[in-house]
Amino acid sequence: QAKSRGRSRSVVFELAMAASQRDYYLLERDLDEAVERNQLSLVFQPKVDLISRKVVGLEALVRWNHPTRGQNSPGAFIPIAEHSDQILRIDRWVMRNAIAEQANWLSHGLAPLPVAINLSIADILSPNLVAYLAELLEEYQVPAHALQVEVTESCFMRQLDETQNVLRALNETGISTALDDFGTGFSSLSYLRQLPLQCLKIDQSFTQSMLEDSNAEKLTQAIVAMGNALKMNIVAEGVETREQMNWLLAHGCHIGQGYYFSPPVPPEDVHQVIERIELRLAA
Ligand code: C2E
Ligand code: MG
Ligand code: MG
Ligand code: MG
């Protein structure tokens with residue numbers, strides 16, 4: 001009896017696998033046309049200076065509006081795109097459109113807020129990344145310091161030298177660099193020493209457990225201390241409550257990003273959202 005139950009379970013498991021594999025291929029096929037068919041869009045999430053209570057930057061996050069499935073989250077399709085070469089086309093689209101939005105805001109006389117884009121390892125290893133970004137900045141007349149790139153530790157696990165060279169070249173162009181999701185990968189004191197990074201983003205899993213779990217709290221404190229000692233800007237991701245914000249302020253982490261301030265919003269809403277955040281925090 002145990003055996004037959006085991007078998008039927010494995011049949012169920014195989015069916016589930018087959019369904020998700022089929023799903024995977026369908027998504028991969030559709031993703032191929034997402035750029036041409038204008039199905040991608042960008043949303044922007046503010047980063048807030050907890051001391052001045054001002055918005056000090058924005059992160060661009062891609063969205064894919066699928067004709068029948070509706071909005072797909074990047075958590076679902078970025079890994080698929082990374083597995084093929086589609087990520088290059090998608091991220092080039094993101095680079096152009098994030099810079100175009102920045103140019104549009106600047107042309108309306110809005111205070112320049114650096115916009116960060118997320119890069120995958122394939123972007124880093126693509127030979128003309130730095131030249132491509134420099135050309136876009138030139139084309140849209142956007143200053144390089146108005147752009148930041150975010151990379152994750154998984155980027156340089158295998159390609160440390162290459163990543164180091166690319167980040168250095170970006171810095172030379174005037175583009176700043178941030179280490180995303182810090183604490184989740186192989187974290188990686190040697191990366192911090194070797195890579196030209198101006199900003200450290202503490203993964204949201206720390207932000208969300210530090211008030212409940214004293215080990216998480218101590219680790220977050222240690223990360224903040226380390227980032228400060230290295231004179232990096234430290235951003236806590238995934239701030240959802242006032243208590244988390246207050247903890248960060250009290251422990252030397254001075255920039256926060258998360259639903260407590262605002263979810264990512266479409267470009268036309270960004271400046272209204274900024275105004276609302278700053279009013280609320282000033283009160
Ligand atoms: P990430 O770069 O670490 O971005 C932060 C993610 O956390 C975003 O998810 C954001 O919507 C979400 N988030 C922000 N505040 C909160 C909060 O308070 N609570 C919670 N639970 N979540 C919060 P999103 O937009 O779904 O993106 C997921 C990941 O997909 C990103 O993580 C990034 O690694 C990747 N990604 C997004 N856009 C791009 C892109 O244009 N290119 C590449 N290569 N990767 C991207
Ligand atoms: Mg990011
Ligand atoms: Mg992150
Ligand atoms: Mg992430």
Requested in this report: Give the stretch 152-196 a look and list any residue that's under 23 Å from residue 138 (Cα atoms) and in a strand (DSSP E or B), or say none.
Outcome: 176, 177, 178
Report task. Read through the list (1) crowded, with 19+ Cβ neighbours inside 10 Å; (2) of a type in the set (A, V, I, L, M, F, W, C); (3) within 14 Å of the chain's Cα centre (by Cα), then give the number of the only condition that residue 43 fails. Result -> (1)
Query raised in the report: Based on what the data block shows, is residue 94 closer than 25 Å to residue 255 by Cβ, within 16 Å of ligand 1 (Cβ to nearest atom) and part of a strand (DSSP E or B)?
Result: no
Requested in this report: Could you please give the count of residues in the stretch 189-203 that are within 16 Å of the chain's Cα centre (by Cα) and surrounded by 20 or more Cβ atoms within 10 Å (Cβ to Cβ)?
Outcome: 6
Query raised in the report: So is residue 130 within 16 Å of ligand 3 (Cβ to nearest atom) and either in contact with a strand residue (DSSP E or B) (Cβ under 6 Å, 6 or more places away or on another chain) or at pLDDT 90 or above (or both) or not?
Result: no
Query raised in the report: From 135, 162, 139, which residue is more than 16 Å from ligand 3 (Cβ to nearest atom), within 28 Å of residue 184 (Cα to Cα) and surrounded by fewer than 17 Cβ atoms within 10 Å (Cβ to Cβ)?
Result: 162
Query raised in the report: Say we look at the stretch 22-40 and pick out the residues that are exposed (fewer than 14 other Cβ atoms within 10 Å of the Cβ) and under 30 Å from residue 271 (Cβ atoms); which of these is nearest to the chain's Cα centre (by Cα)?
Result: 38
Report task. Of all residues in the stretch 18-40, count the ones that are among the polar types (S, T, N, Q) and modelled with pLDDT of 90 or more. Result -> 2
Query raised in the report: Which of the residues that make up the stretch 74-88 are of a type in the set (Gly, Ala, Ser) and within 14 Å of ligand 3 (Cβ to nearest atom)?
Result: 75
Query raised in the report: If residue 124 satisfies every condition in (1) touching an Asp or Glu at 6+ places or on another chain (Cβ under 7 Å); (2) part of a strand (DSSP E or B); (3) farther than 17 Å from residue 186 by Cα but one, which is the exception?
Result: (2)
Report task. Could you tell me whether the stretch 207-227 includes any residue that is within 11 Å of ligand 1 (Cβ to nearest atom), crowded, with 19+ Cβ neighbours inside 10 Å and either hydroxyl-bearing (Ser, Thr, Tyr) or farther than 24 Å from residue 53 by Cβ (or both)? Result -> yes
Report task. Sort out for me the strands (runs of 3 or more DSSP E) sitting completely within the stretch 21-75 that have 2 or more residues that are over 23 Å from residue 89 (Cβ atoms), among the basic types (Lys, Arg) and within 16 Å of ligand 4 (Cβ to nearest atom). Result -> none
Query raised in the report: Scanning for something among the acidic types (Asp, Glu), within 27 Å of residue 227 (Cα to Cα) and in contact (Cβ under 8 Å) with a residue 60 or more places away in the chain, does the stretch 146-162 turn up at least one residue?
Result: yes
Report summary line: Going through the stretch 180-218 in order, the residues found to be within 16 Å of ligand 3 (Cβ to nearest atom) and of a type in the set (Asp, Glu) are 180, 181, 203
Report summary line: For the stretch 152-178 the number of residues that are modelled with pLDDT under 95 and within 16 Å of ligand 4 (Cβ to nearest atom) is 6
Query raised in the report: Quick one: what pairs do we get from the stretch 169-181, first residue among the charged types (D, E, K, R), second within 16 Å of ligand 1 (Cβ to nearest atom) and assigned to a helix (DSSP H, G or I), C-beta under 8 Å, 6+ apart or different chains?
Result: 181/153
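The values are calculated or read from the model by the stated rules, or taken from the named source; none is laboratory data. This one's a predicted model, so the numbers in the text were calculated from it and none came from an experiment. So basically every Cβ, Gly included, is an ideal-geometry build from the backbone, and we count neighbours across all protein chains shown.
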